[in-house]
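Data first, discussion second: the structure below is written as structure tokens.
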């Protein structure tokens with residue numbers, strides 16, 4: 001899995017791109033990059049933001065526009081980001097055992113994560129627009145009594161807000177949660 005992060009996200013979370021890694025990690029990461037590059041289901045755009053004084057990351061899948069908000073991300077905890085992505089995706093489909101099975105298969109086949117520079121202008125725009133659309137009042141509505149409920153928020157965003165994607169050369173609006181499921185079931 002490849003996470004393409006904005007420059008500020010890479011700086012603030014101290015993320016190293018594949019070429020910045022030392023050997024032998026670089027060789028391993030190059031294989032992850034080679035395996036995932038071009039498979040948009042395995043590619044994610046990432047942008048860090050602050051909520052309640054904590055570092056958080058918004059991730060958007062290149063293929064489906066599935067959007068995940070992961071809260072309380074630390075510099076040391078960034079190495080566990082792949083597991084947190086898997087956990088958040090599974091939570092979206094917890095009542096669909098066939099989808100959970102495919103998610104597990106995807107992460108079995110592609111368990112490693114590497115980081116790269118985000119240069120896709122379309123994805124940068126999507127990440128920026130999402131953070132503008134989902135302001136502090138929006139986030140706060142999912143944190144009643146200061147109890148974090150990102151699962152509920154991620155579900156709301158992915159099954160209630162249509163996203164524009166290209167399907168067979170045509171631009172269409174889809175619910176990203178439904179489209180991710182469709183792509184996942186076809187691919188795994």
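Shown for 182, 108: other C-beta atoms within 10 Å of each C-beta, ranked fewest to most, produce the order 108, 182.
This ranking places 56, 114 by how few other beta-carbon atoms lie within 10 Å of each, fewest first, which gives 56, 114.
Hey, what's the Cα Rg ratio for region 88-188 versus the globular rule of thumb, 2.2 N^0.38 Å?
Working: Rg = 15.5 Å, N = 101, 2.2 N^0.38 = 12.7 Å.
For region 88-188, the normalised Cα radius of gyration is 1.22.
Using R0 = 22 Å, the C-beta based FRET efficiency linking residue 8 and residue 121 works out to 0.85. Expressed in Å, the radius of gyration and Dmax of the Cα atoms of region 2-187 are 15.9, 47. Exposure proxy for 187, 22, 64: other Cβ atoms within 10 Å of each Cβ, ordered fewest to most, give 22, 187, 64. Calculated mean residue ellipticity at 222 nm for the chain: -13500 deg cm²/dmol, from DSSP H runs with n ≥ 4 weighted as -39500 (n - 2.57), summed, divided by the residue count and rounded to 500.
Values in this text are rule-based calculations from the coordinates and carry no lab data. Note that the coordinates shown come from a computational prediction; the quantities given were computed from them, not determined experimentally. Positions of Cβ are generated from backbone atoms using ideal geometry, with glycine treated the same way; all protein chains shown enter the neighbour counts.
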